[in-house]
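Throughout, read-outs are computed from the coordinates displayed, never taken from laboratory work. Just so you know, these numbers come straight off a predicted model, no measurement behind them. Virtual Cβ from ideal backbone geometry, glycine too; neighbours counted across all protein chains shown.
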Amino acid sequence: MLSLLVYALIYLGSGLMAYNIYCYIRFARQIRQRGKWEREENLFYAPIFLLILFLIGYLLVALLGKPDLVIAGILSGGSLFVYLMILFVRQVSEKIYEHEHREAALMAAEESSRAKSSFFSTISHEMRTPMNSIIGWGTMAMREPGLPEHVKSHLKKIDESARHLLNLINDVLEMSRIESGQMSVNQEGFELRKMLEQINSIISGQCAEKGLDYRFRLSDCGENYFIGDELKLKQVMINILGNAVKFTPAPGSVELNVEVSPSDQQRYMLRFSVSDTGIGIDPDYLPRIFDAFSQQDSSSTNRFGGSGLGLAISQRFVALMGGNIQVDSSQGAGSTFTVTVMLQRDTAAAVEEAAQSENVSLEGLRVLLAEDMEINAELVSDLLGLEGVEVEWAKNGLQAVNLFEQSKPDYYDAILMDIRMPVMDGLISTRTIRSLSRPDAATIPIIALTANAFEEDVEQALSAGMNVHLSKPVDPDLLYRTLGRLAVKR
Ligand code: ADP
């Protein structure tokens, strides 16, 4: 009985040792294939001879000797130990190999992306120099007196293509800077209204040229100073608005709505939404709209110009600012792009402005006052008269619209608007004024002066297009400060 157990253990140990030899040969082969080995190669095979010697020893003991239980136990235990060692070494080397492999792949990818972006940026820089000279000399040539018409037309086409190419180079350069992680956002104080004025003047010009209506509305809860990257934000807005103009045939309209609302103690949510009544976007293309070089229609480049990089860059800029861009579109009916960013308010600049607007003179301002109660109108006129402001009175919203429409652009510096009035209320009146197609319709400050001071009243006033809401009874100092801030051009 005992010798049966002894022999069983010995044969089990020998079998396991033979299996060990098989496992080890496979493992050694794998290792050899994965790396470049020189003299070490022989070392892999050395243990195989050792293991074979073990096996022969086992068999000799089993066949010739008269082993007892202790020897049989040691022999089979030895096989088990060798087996576990091989298993262990295999696992560890597998892990090391995988790790090294991943690191190498990562490094190669990084290296290739670095090489690619540095290649792009070098190439773009190099290409810009001759482009400037093509555009510059082209312009000089076009000014040459007595040029035949067809030469002029050829030069104009060269100029257009050169400018297009220059834009493309700039976009590629920018994209490569973003991708290589060299782009960061500035954190500097800026004035929101000033930025919007600049955007409006560019886009309203483009719209007028194409025969499109441009509407602008700002609901800003009075906060104007923020900390952020004004240049990048402006670039994003001009790009999205530029697309809206580009992809909207006349007659149509482009609208920019800006909402500013407090989010937490120091931060504000700025939401810019750009809507157009243009060709819209195919739902199949929508998921790829922010991909670099993507365009809905590959003939777009020829028909509309552009590179398909604008939105890719815009989205990356906004992401760098911690915000997002959303798109809502229905084909044939138009699109809405909404950019949302959270910005810190620039407390120092706001305090400085408050101090400045306290001292600013209102002398010579002309204000249109829409108010149905004569006694209220008189009071406001007298209060403003004290500061040298000239007030013209409209008895209701409709009269205010008419007076504004008949006046020359920039005749009025601001409009004070009651909300509840007969014939036409202040909300409709404001909407009508904002939708007029004259340069100051979008920009003239409209101040709500009303007894309705609930939150929804304020919201309604702002969403109708008024800039701020002041509640009655009017605080004269606040009225002066508000006019100083919004109406006085510095
Ligand atoms: P580009 O305008 O240079 O082609 P963009 O990245 O700015 O590149 O836009 C990518 C594509 O998205 C455009 O080619 C167009 O097909 C589509 N697109 C963008 N904005 C609009 C829009 N307002 N209406 C319709 N299509 C749009």
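Counting alpha carbon pairs within less than 8 Å and at least 6 residues apart, what relative contact order, in whole percent, applies to the chain? Could you put the intermediate results ahead of the total?
On the way: 708 pairs, mean separation 51.6, N = 490.
So the answer I get is 11 percent.
Please list, ordered by chain and number, the residues whose modelled amide H lies under 5 Å from the amide H of residue 470; skip anything fewer than 5 residues away on the same chain.
Correct list: 448, 449, 450.
Roughly what angle does helix 397-406 make with the longest principal axis of the chain, taking Cα atoms, 0 to 90 degrees, to the nearest 10?
That helix lies at roughly 80 degrees to the long axis.
Can you tell me the order of 134-147, 192-205 when each peptide is scored by its average per-residue count of other Cβ atoms within 10 angstrom, highest first? List each step's numbers first, then the result.
Numbers: 134-147: 11.7, 192-205: 17.3.
The most tightly packed comes first, giving 192-205, 134-147.
Taking 32 Å as the cut-off for C-alpha to C-alpha distance, list the pairs among 408/472; 152/246; 152/232; 232/408; 152/408; 152/234 that go past it. Working shown, then result.
Working: 408/472 30 Å; 152/246 26 Å; 152/232 36 Å; 232/408 35 Å; 152/408 39 Å; 152/234 34 Å.
152/232; 232/408; 152/408; 152/234, as the Cα separations exceed 32 Å there.
How far apart, in nanometres, would the label points at residue 352 and residue 50 be if each is projected 7 angstrom from Cα along the Cα-to-Cβ direction?
About 7.8 nm separates the two model spin labels.
Quick one: what are the phi-derived ³J(HN,Hα) couplings along region 409-416, Karplus 6.51/-1.76/1.60 with θ = phi - 60°, whole Hz, x for glycine and proline?
x, 6, 5, 8, 8, 6, 10, 9
Shape call for region 201-243 from the C-alpha gyration tensor, a ≥ b ≥ c root eigenvalues: rounded (a/c under 1.5), prolate (a/b greater than b/c) or oblate? Show your work: numbers first, answer last.
Numbers: a/c = 3.32, a/b = 1.58, b/c = 2.10.
In terms of gyration-tensor shape, oblate.
Which percent, to the nearest 5, of DSSP beta bridges fully inside the chain are antiparallel?
On the way: 31 of 55 bridges.
Around 55 percent of the beta bridges assigned by DSSP in the chain are antiparallel ones.
Residue by residue through region 85-100, what is 3J(HN,Hα) from phi via Karplus (6.51 cos²θ - 1.76 cosθ + 1.60, θ = phi - 60°)? Round to whole Hz and write x for glycine and proline.
Each residue of region 85-100 in turn: 4, 4, 4, 4, 4, 5, 4, 5, 5, 4, 4, 4, 4, 4, 4, 5 Hz.
Is the shape of region 352-487 rounded, prolate or oblate, going by the alpha carbon gyration tensor and its root eigenvalues a ≥ b ≥ c, with a/c under 1.5 for rounded and a/b larger than b/c for prolate? Walk me through the numbers on the way to the answer.
Values: a/c = 1.33, a/b = 1.20, b/c = 1.10.
Cα axes put region 352-487 in the rounded bin.
Rounded, prolate or oblate: which one fits the chain, using the alpha carbon gyration tensor with axes a ≥ b ≥ c (rounded when a/c is under 1.5, else prolate when a/b beats b/c, else oblate)? Intermediate values should be presented prior to the final figure.
Numbers: a/c = 4.00, a/b = 2.37, b/c = 1.68.
Judged from the Cα gyration tensor, the chain comes out prolate (a/c at least 1.5, a/b above b/c).
Need the C-alpha centroid separation for region 401-443 versus region 156-204, integer Å.
The two parts, judged by their Cα centres, are 34 Å apart.
Add -39500 (n - 2.57) for each DSSP H run of 4 or more in the chain, then divide by its residues: what number comes out at 222 nm, to the nearest 500 deg cm²/dmol?
Working: 14 runs with 281 residues, N = 490.
Mean residue ellipticity, 222 nm, calculated: -20000 deg cm²/dmol.
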